[in-house]
1. Which loop trypsin sites (Lys or Arg not before Pro) in the stretch 160-214, with loop taken from DSSP, have no more than 13 other Cβ atoms within 10 angstrom of their Cβ?
2. Could you please state, rounded to a whole Å, how far the C-alpha centre of the stretch 141-160 is from the C-alpha centre of the stretch 6-75?
3. How high is the FRET efficiency between I5 and K235 when r is their beta carbon distance and R₀ equals 35 Å, given to the nearest 0.05?
4. Rounded to the nearest 20 Debye, what is the dipole magnitude of the chain about its Cα centre when Lys and Arg each give +1 and Asp and Glu each give -1 at the C-beta?
5. From largest accessible area down, sort R133, R142, R52; use a 1.4 Å probe on the protein chains.
6. Using Cα pairs under 8 angstrom and six or more residues apart, how large is the relative contact order of the stretch 135-223, in percent?
7. Over all pairs of distinct alpha carbons, what does the Kirkwood formula give as the hydrodynamic radius of the chain, in Å?
8. Show me the ranking of peptides 98-109, 22-33 by mean Cβ neighbours inside 10 Å, starting with the highest.
Amino acid sequence: MKLTIEPIEDLPLIHAGDDLPALIAGRVALDDGDIVTIASSVYSKAKGHTRRLADITPTPRAVRISKMTGEDPRFLQSILDASVDVLIEFPFILSEVAGGHIGVRAGVDQSNIEDEMVILLPPDPMAAAAEVRDALKKITGRDVGVIITDTCGRAFRRGQTGNAIGWSGIFAIRDFRGDTDLFGHVLKITEEAVVDEIAGIANFVMGESNNGVPAVVVKGCEKWTGHDDLFFSRKEDFIRRALAVPARPKKNT
Ligand code: GDP
Ligand code: MN
Ligand code: MN
C-alpha cells in the first residue's frame, strides 16, 4: 500500500455556522476511497459546540475537584457536563462521553479558541462523520471515508496521539482473525484499529498549535473488512473494571 497524506491548507479560522465540507471540498481534489480526517475541534467550532466559561456555574463537585487539581471550576464543570461517566477525578478527570469514547478531560479543549471559551467534542461523533461524508458526496460526487479525530493521551505511555472519535464509510477495525500468518498459523486475536492509525498520522500532519491544518486527506488506502466495535463494552473492559475497585486497604486495616 502506498499512501499519500495531504494537508488541507488555507482554511480560515472556523466559527459557528461555517460550512466545513464546502470549505474542504473547495481546497482539495477528492477521489473515491479517499479518507478525509477532520479535527474534532474545528467540527465542533463550525457547529457551535463551544461554551463560554462566564455562562457556567460550577456545582459543588466541580468546586471540590478544583481544590485538588487547581483548575478553573467552570472548566471542570464543562467537563462534567460533557461526561456520561467519570472514571477518575484526580489528578485529571478521565471520563466517558456520549458515543463511548473515554478521554482525559472529556476531550474539552481550551486551545485554538478565544480566551474564556471551551470547545466540546461533537455530541454524536458518528453522526457528525456521516453528515460530513454525505455533504462531501453531494458537493463532489465522490464516495469518501470520514474520520473525526481528537488528540488524546494514552494509558501506560507518555505522549498524545490522534484517535478516531467518529467515522463513516469505513470500518473502525480491520479484522485479521482467521487469516494465516507467513507460517500458516491461524490468527486468533488480531483486530487492528485502523481508524486510530489513520487518525494518528493525520494528527501528526495537523500539529497541535498554530499550524492551521485541521483537515488532512489520506489517499491510497486499500479497502479492509472488519467491524465498528471500537469501544469495549463495560463487560469486556477489564481495565476500566479494575479502576472501579476501591483503593486497597492499608496494611493491618
Ligand atoms: P484537536 O486535535 O481536534 O483538539 O484540534 P487541535 O486544537 O489540536 O487543532 C488541530 C489542527 O487544527 C492544528 O493545526 C490547529 O492549528 C488547527 N486549527 C484549529 N482550529 C482551527 C481553525 O479554526 N482554523 C484553521 N485553519 N485551523 C485550525
Ligand atoms: Mn482536542
Ligand atoms: Mn490536536
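1. Values: sites: R174, R177, K188; in loops: R177, K188.
Counting only loop positions with at most 13 other Cβ atoms within 10 Å, the trypsin sites (Lys or Arg not before Pro) in the stretch 160-214 are R177, K188.
2. First find each Cα centre; the distance between them is then 14 Å.
3. Details: r = 37 Å, r/R0 = 1.05.
Once the sixth-power term is evaluated, E becomes 0.40.
4. On the way: 30 positive and 37 negative charges, 246 e Å.
Taking the Cα centre of the chain as origin, the dipole is about 1180 debye.
5. On the way: R133 60, R142 95, R52 130 Å².
So the residues, ranked largest to smallest area, are R52, R142, R133.
6. Values: 123 pairs, mean separation 19.9, N = 89.
Relative CO of the stretch 135-223 lands at 22 percent.
7. Details: mean 1/r = 0.0510 Å⁻¹.
Radius from the Kirkwood sum: 19.6 Å.
8. Ranking the peptides 98-109, 22-33 by packing returns 98-109, 22-33.
The values are calculated or read from the model by the stated rules, or taken from the named source; none is laboratory data. All values derive from a computational prediction rather than experimental measurement. All Cβ positions, glycine included, derive from the backbone under ideal geometry; neighbour counts span all protein chains shown. What goes into the accessible areas is simple: the full protein's heavy atoms, side chains included, and nothing from ligands, DNA or RNA. Shrake-Rupley method; radii C 1.70, N 1.55, O 1.52, S 1.80 Å.
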